[in-house]
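Bear in mind that the values in this text are calculations on the coordinates, not laboratory data. Quick caveat: nothing in here was measured; it's all calculated off a predicted structure. Counting neighbours? That spans all protein chains shown, and the Cβs are built from the backbone with ideal geometry, glycine included.
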Amino acid sequence: MNAILSKYLPEYAVLPCFELIKNYHVHLKVVHERQTRHGDYRKDVSGKHEITVNANLNKYRFLITLIHEIAHLVAFEKYGRFIKPHGTEWKLTFQSLMLPFIRPEVFPNAILPLVANHFRNPAASSDTDARLAFALKQFDERKPDVEFIHEIPNGSIFRIKNGRIFQKKGLRVKRYECIELKTSKIYLFNANAEVERIAN
C-alpha cells in the first residue's frame with residue numbers, strides 16, 4: 001500500500017495517510033477522472049468503508065481529497081449518520097485530520113499559507129476557494145493548448161472539456177460571465193476554469 005500511495009502523495013504524507021487508512025479500515029480505490037468530483041466516500045451494506053480518489057489529481061490535491069473523504073468517515077462514526085455531510089462536525093474533523101499535514105515538509109512554500117488559511121474554515125470543495133484552487137492547479141500537468149479563463153481576453157471564443165463553446169464577456173464580482181454560443185445562455189465560470197481558446 002505504501003508503494004501505491006507514494007505514487008500519488010507527497011513523500012512525507014505517505015506514512016501518516018497509510019496509518020489513517022489502516023486505522024479506519026478504509027478500502028481505497030484510485031479511479032479514472034470524474035468531471036463532477038475529485039473523490040467520494042461510502043459505507044456499503046456490509047459496513048465496509050470505501051473511498052475513491054481520482055488518479056489524475058496532483059499529489060497535493062490528492063492528499064486534500066483523501067483527507068476530505070476520510071473526514072466524512074470519521075465524522076459519521078463519531079457524530080452519527082444524520083449530520084450534514086459538510087456541516088460543523090465534518091469541518092472540525094477535517095481540520096483536525098489535516099493539521100499534521102500543514103507543514104513545509106508536505107506542502108511547498110507557494111501553497112502552504114493558502115492551505116493553512118483555507119483550513120481555518122474548510123469548504124465543501126477546495127475548488128470554491130479560488131486562490132487555493134488556482135495555486136494547486138499550478139502543479140497539474142497542463143496540455144499546451146489549455147489556459148485558465150482569467151488569462152484570455154474578453155471577447156475570446158473558447159471550448160470547455162465537454163465540447164461546448166462560449167464567448168467570454170467579463171468579470172462579474174469573482175466569476176467570469178460567458179455566453180454559450182449555441183443557446184445564448186449566460187454562465188458564470190470560476191477564474192481557474194480550464195479552457196481551450198478558439199481562434200476568433
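Output wanted: per-residue J couplings in Hz (rounded whole) for the range 31-37, from phi through Karplus 6.51 cos²θ - 1.76 cosθ + 1.60, θ = phi - 60°, x for Gly and Pro.
10, 4, 4, 10, 5, 8, 7
Could you work out how much longer the chain between Q167 and Q138 gets when fully extended? Use 0.36 nm per residue separation minus the Cα distance between them, nm to one decimal.
Net length gain for the segment: 8.0 nm.
In the range 1-139, how many lysine pairs have Cα atoms under 19 Å apart, counting only pairs 8 or more places apart or on different chains?
The number of close lysine pairs in the range 1-139 is 15.
Less than 12 Å from a label point 7 Å out along the Cα-to-Cβ axis of R81: which backbone N atoms in the range 27-67 qualify, by residue?
43-48
Going out from 0 in 10 Å bins, what whole percent of all Cα-Cα distances in the range 150-200 drops into each bin?
Histogramming the range 150-200 at 10 Å steps yields 28, 64, 8 percent.
Top mean-square fluctuation among T128, T52, T36, Gaussian network model of the chain, C-alpha springs under 10 Å?
T36
Given the options N190, N56, N109, state which has the largest fluctuation in a GNM of the chain using a 10 Å cut-off (strictly under) for Cα springs.
Highest fluctuation among the options: N109.
Among A124, F18, N154, whose Cα sits farthest toward the positive end of the charge dipole of the chain (+1 at Cβ of Lys/Arg, -1 at Cβ of Asp/Glu, about the Cα centre)?
Of A124, F18, N154, it is N154.
Starting from 0.36 nm per residue, how many nanometres of slack lie between S6 and H27 once their C-alpha separation is accounted for?
Full extension from S6 to H27 adds 5.9 nm.
Can you pull out the chymotrypsin sites (Phe, Trp or Tyr not before Pro) in the range 1-78 that DSSP calls coil and that have at most 13 other Cβ atoms within 10 Å?
Y24
Could you grab the relative contact order for the chain? Cα pairs under 8 Å, six or more apart, rounded to a whole percent.
Over the chain, the number comes to 13 percent.
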